[in-house]
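To keep things clear, I will list the structure first and then write my remarks on it.
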């Protein structure tokens, strides 16, 4: 496999003494975790007031369910800082949730029917109502169970100073922001091309609790591990496979985002949120005075399009994500394919974050042609194959219509990433990037060392179910966070954010707003 352009760009950065600019990248982490009771069942309690308002708190909110916490770090100047920030947020959370656990697995705990999955409530303001109705719409469209799968999102932005220099050395005639947009879109295409590496190295959901299937028959590709557990022998990330939430239903409604340019990407999503879908028309929008969904289009809003990567721009007020991208361009990239690692208190490790930085820069600097229809099919097939069979011996991926062994392909890519790791080590004056790359390189020929393999091995060694394994790990991490202490300054800052968020929600709910019907109609066409 040739990486000519990658090597040329690396050489140029070195020759022009621009490597130090790589140090200015920003990292953010978003971690979802289900609150569960001491028996391991999804919590039926409201989002704790002691954690502030889920609507307005910048660091602690909820995702789909009232019990599905989402912890969000701000953009940090290093992955080490982001990692520590995430630990601090979770430490504070554990001090506020009494005896409840945060479930340390992407696949959920015991599910006693969908009625036990409470949809998140964001209060009585128009934006709060819209967020809740959107989630009700997801329940009508896909069911609730799929929505309580948890994951981690890795947010990454390249330094502004790097963009200025890169713009010059690429001799681009585009405006500064157009150049950034094109470069980030190229990066997203490569994240998809090479994204199967993520479930292979970091996939941590090879098994599920039988209750997840809600009484349905076991899928043919799954095996019985024990009385309460199904698994796939070579599986890495079932969350990213057929039972997960990666828009497997999109083929039925024709939704597929176009990543070949920012304009095409936003237009493809615009089409999806404005095109009626017969299946969703049958559900109805407002039935007997109650909203079932925001609309009956292919996507209610952009967030419904589940994908492994998203180009993002920070929202201002109540603007739509596609409007923010059109107005101000891409600010960062959101990698969404990370499972929660039950062996790590934070759900991921610092070493993993170093690898992800290498991967993101590799995807930025590597040549990235447009994705054709045939390559799109290969990308989807490769991701699904690795999610379900990534550790099967002699497994082969698809590449330009040909078969290539996963082992060979991964080895080629990681070899090419060595130059990127060296650049980052030079920029940060460390060896941690090359050390991380070497550590994960060993997993190519030793799949038994991957998190997915280690999870199954530990379940077998302890003669336990997936549920018992995840509960045991959750209790271990609970003990870790309960023993961890925040400084008085950090604790006071968290307390202030809680108070401030509650005041902000109260203010929003007391403001003189238009009717919800009017608010929604204006939002859906980008007129807020």
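The values are calculated or read from the model by the stated rules, or taken from the named source; none is laboratory data. What you see is a predicted model; the values in this text were computed from it and never measured. FYI the Cβ positions are ideal-geometry reconstructions off the backbone, even for glycines, and counts take in every protein chain you see.
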Residues of segment 104-116 being in contact with a helix residue (DSSP H, G or I) (Cβ under 6 Å, 6 or more places away or on another chain) and assigned to a loop (DSSP other than H, G, I, E, B), which ones?
104, 105, 106, 108, 111
May I ask you to list the residues in segment 501-528 that are without any contact (Cβ under 8 Å) to a residue 24 or more places away in the chain and outside any loop (DSSP other than H, G, I, E, B)?
503, 506, 507, 510, 517, 518, 521, 522
Just the residues that are assigned to a helix (DSSP H, G or I), in contact with a helix residue (DSSP H, G or I) (Cβ under 7 Å, 6 or more places away or on another chain) and surrounded by fewer than 21 Cβ atoms within 10 Å (Cβ to Cβ), please, taken from segment 428-440.
428, 432, 434, 439
State which residue is surrounded by the most Cβ atoms within 10 Å (Cβ to Cβ) when the search covers only segment 478-489 and only residues that are without any contact (Cβ under 8 Å) to a residue 40 or more places away in the chain and part of a helix (DSSP H, G or I).
479
Looking at segment 441-477, which of its residues are under 23 Å from the mean Cα position of the chain (by Cα), assigned to a helix (DSSP H, G or I) and under 28 Å from residue 85 (Cβ atoms)?
443, 451, 452, 454, 455, 470, 471, 473, 474, 477
Counting only residues that are in a strand (DSSP E or B) and in contact with a strand residue (DSSP E or B) (Cβ under 8 Å, 6 or more places away or on another chain), how many does segment 399-419 have?
3
Qualifying residues in segment 501-528 (those that are surrounded by 15 or more Cβ atoms within 10 Å (Cβ to Cβ) and more than 26 Å from residue 300 (Cα to Cα)) - the one nearest to the chain's Cα centre (by Cα):
501
Considering residues that are surrounded by fewer than 18 Cβ atoms within 10 Å (Cβ to Cβ) and touching a helix residue (DSSP H, G or I) at 6+ places or on another chain (Cβ under 7 Å), the number found within segment 402-412 is 2
Would you pick out the residues in segment 154-208 that are over 26 Å from residue 397 (Cα atoms) and in contact with a strand residue (DSSP E or B) (Cβ under 7 Å, 6 or more places away or on another chain)?
155, 156, 157
Confirm whether residue 437 is under 30 Å from residue 406 (Cα atoms) and free of Cβ contacts under 8 Å to residues at least 12 places away in the same chain.
no
Restricted to segment 1-36 and to residues being under 21 Å from residue 184 (Cα atoms) and touching a strand residue (DSSP E or B) at 6+ places or on another chain (Cβ under 6 Å), the residue surrounded by the most Cβ atoms within 10 Å (Cβ to Cβ) is 27
Which of the helices (runs of 4 or more DSSP H) contained wholly in segment 278-372 include at least 3 residues that are at pLDDT 95 or above and crowded, with 21+ Cβ neighbours inside 10 Å?
350-365
Given the residues 418, 431, which is the only one that is within 18 Å of residue 354 (Cβ to Cβ), at pLDDT 95 or above and over 26 Å from the mean Cα position of the chain (by Cα)?
431
Which residues, counting only those in segment 349-379, are farther than 28 Å from residue 9 by Cβ and under 17 Å from the mean Cα position of the chain (by Cα)?
349
I need a count of the residues in segment 136-153 that are within 18 Å of residue 301 (Cα to Cα), at pLDDT 95 or above and buried (at least 22 other Cβ atoms within 10 Å of the Cβ).
1
On the given criteria, is residue 507 in contact with a strand residue (DSSP E or B) (Cβ under 6 Å, 6 or more places away or on another chain) and either more than 23 Å from residue 99 (Cα to Cα) or modelled with pLDDT of 95 or more (or both)?
no
Residue 475 touching a strand residue (DSSP E or B) at 6+ places or on another chain (Cβ under 8 Å), surrounded by fewer than 15 Cβ atoms within 10 Å (Cβ to Cβ) and closer than 28 Å to residue 49 by Cβ
yes
Any pair with Cβ under 6 angstrom, 6 or more apart, that starts in segment 389-414 at a residue that is without any contact (Cβ under 8 Å) to a residue 12 or more places away in the chain and at negative phi and ends at one that is surrounded by 15 or more Cβ atoms within 10 Å (Cβ to Cβ) and in a strand (DSSP E or B)
403/396; 404/397; 405/396
Residue 124, sole failed condition from (1) in contact with a helix residue (DSSP H, G or I) (Cβ under 7 Å, 6 or more places away or on another chain); (2) within 17 Å of residue 67 (Cβ to Cβ); (3) surrounded by fewer than 20 Cβ atoms within 10 Å (Cβ to Cβ); (4) in contact (Cβ under 8 Å) with a residue 60 or more places away in the chain:
(2)
Inspect all residues belonging to segment 142-153 and state whether any of them is touching a residue at least 24 places away in the same chain (Cβ under 8 Å), assigned to a loop (DSSP other than H, G, I, E, B), in contact with a helix residue (DSSP H, G or I) (Cβ under 9 Å, 6 or more places away or on another chain) and under 21 Å from residue 366 (Cα atoms).
no
Strands (runs of 3 or more DSSP E) fully within segment 154-269 counting 3 or more residues that are modelled with pLDDT under 95 and under 26 Å from residue 436 (Cβ atoms)
none
Here are some residues: 319, 334, 377. Which one is in contact (Cβ under 8 Å) with a residue 40 or more places away in the chain and in contact with a strand residue (DSSP E or B) (Cβ under 9 Å, 6 or more places away or on another chain)?
334
